[in-house]
Amino acid sequence: MCTIGVVACRNPEDELRVFGFKNADNPPVGYWHGETRDSAGGYASLAFGLLPQTGINAGLNERGLLVISSFFGFEAQVLSKEPYGYWRGDIRGKTQAEALARCDNAADALALMAERYEKAEGPTTGGSHLLADKEGRLLVFEHCLGEMAWQDASRTGWAARSNQAFGLFPDAQRKQREEIARDRALRLRTAEAALAGLAGRTRTDDEAIEALRRLMASHGPSGGGEELGSVCAHGVPYGRSNAAVPHSTVSGLIWNVSLREMAYTSGPPCSSPWRKLKFA
């Protein structure tokens, strides 16, 4: 599920600014936005979650650590007879919640998440995770079928994923259904173009956020939200997750890591108003 990205740029005062975004593409599902705090006294987070998924799907903690997840897989989609049966084995939200509660930088979050997946029992849902912090470190953690990989994108200044992995199973990804590969490639190309235009450049916060909003509201090559390659999806049938049902964008989210803010929509970002959350 989802098109995700992180990027670092400078504001006109030459201060570092780090942003992250996520379009949450899902089958019909309940979801939430809010400020969370770990019951054991860990860090608070401005977060987004899905009701069938335990934990936090994406969030920014009060120490300036951002963690965003997306589905990664290349096997046949599952048409489950049980409600939300295709979520089985998904520990992404639980692992991210622990990282946000305990870690204050991307490197520590990467180490914690790798340790949790190394020790995981039974099959787990594959994923790509973008990890960013207030110092401008941008890391990517990928996992699937017990294999793991990671990338340091700090020097590049941006990273994006659209349900693929760059460090795992390249042959299997090349052999998957053509519609899946096309949908993922088109979305990645669109996200990369937008982020490359921001990385390392001088932009005000408003300019950077507006560029991300345009990206997140964009549709397919012909302008339709139901098309393959639509970043803002309206019933796209392929490429988003292991569930064999159409997927739509239920929420768009943008985090300003440097200012500790989260903007979000309740509904597709092409037509829904944006709201903002700050720490209480």
Going through the stretch 185-215 in order, the residues found to be in a helix (DSSP H, G or I), among the aliphatic types (A, V, I, L, M) and in contact with a helix residue (DSSP H, G or I) (Cβ under 9 Å, 6 or more places away or on another chain) are 191, 193, 194, 195, 211, 212, 215
List the number of the failed condition for residue 14; all other conditions in (1) more than 22 Å from residue 279 (Cβ to Cβ); (2) touching a strand residue (DSSP E or B) at 6+ places or on another chain (Cβ under 6 Å) hold.
(2)
Looking for something more than 15 Å from the chain's Cα centre (by Cα), under 23 Å from residue 155 (Cβ atoms), buried (at least 17 other Cβ atoms within 10 Å of the Cβ) and not basic (Lys, Arg) - is there at least one such residue anywhere in the stretch 221-244?
no
So, in the stretch 16-54, exactly how many residues are more than 22 Å from residue 159 (Cβ to Cβ) and touching a Gly at 6+ places or on another chain (Cβ under 9 Å)?
11
The condition from (1) under 26 Å from residue 153 (Cβ atoms); (2) of a type in the set (S, T, N, Q); (3) modelled with pLDDT of 95 or more that residue 176 misses is numbered (3)
Working only within the stretch 13-40, note down all residues that are acidic (Asp, Glu) and crowded, with 17+ Cβ neighbours inside 10 Å.
25
With modelled with pLDDT of 95 or more and not in a helix (DSSP H, G or I) as the only criterion, which of 70, 80 stands out?
70
Hey, does the stretch 98-120 have a residue that's hydroxyl-bearing (Ser, Thr, Tyr) and outside any helix (DSSP H, G or I)?
no
The conditions are (1) buried (at least 18 other Cβ atoms within 10 Å of the Cβ); (2) of a type outside the set (Phe, Trp, Tyr); (3) under 23 Å from residue 239 (Cβ atoms), and residue 110 fails exactly one of them. Which is it?
(3)
Single residue of the stretch 113-146 satisfying the filter (among the hydrophobic types (A, V, I, L, M, F, W, C) and surrounded by fewer than 20 Cβ atoms within 10 Å (Cβ to Cβ)) that is farthest from residue 200 (Cα to Cα)
120
When residues of the stretch 16-46 are limited to those that are of a type in the set (Phe, Trp, Tyr) and in a strand (DSSP E or B), the one farthest from residue 261 (Cα to Cα)
31
Counting only residues that are aliphatic (A, V, I, L, M) and at pLDDT 90 or above, how many does the stretch 228-250 have?
5
Look through the stretch 160-204, keep the residues that are touching a Leu at 6+ places or on another chain (Cβ under 9 Å) and more than 23 Å from residue 226 (Cα to Cα), and return whichever of them is surrounded by the most Cβ atoms within 10 Å (Cβ to Cβ).
195
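The values are calculated or read from the model by the stated rules, or taken from the named source; none is laboratory data. Just so we're clear, the structure is a prediction, and the values are computed from it rather than from any experiment. Glycine also receives a Cβ, built like all others from the backbone with ideal geometry; neighbour counts cover every protein chain displayed.
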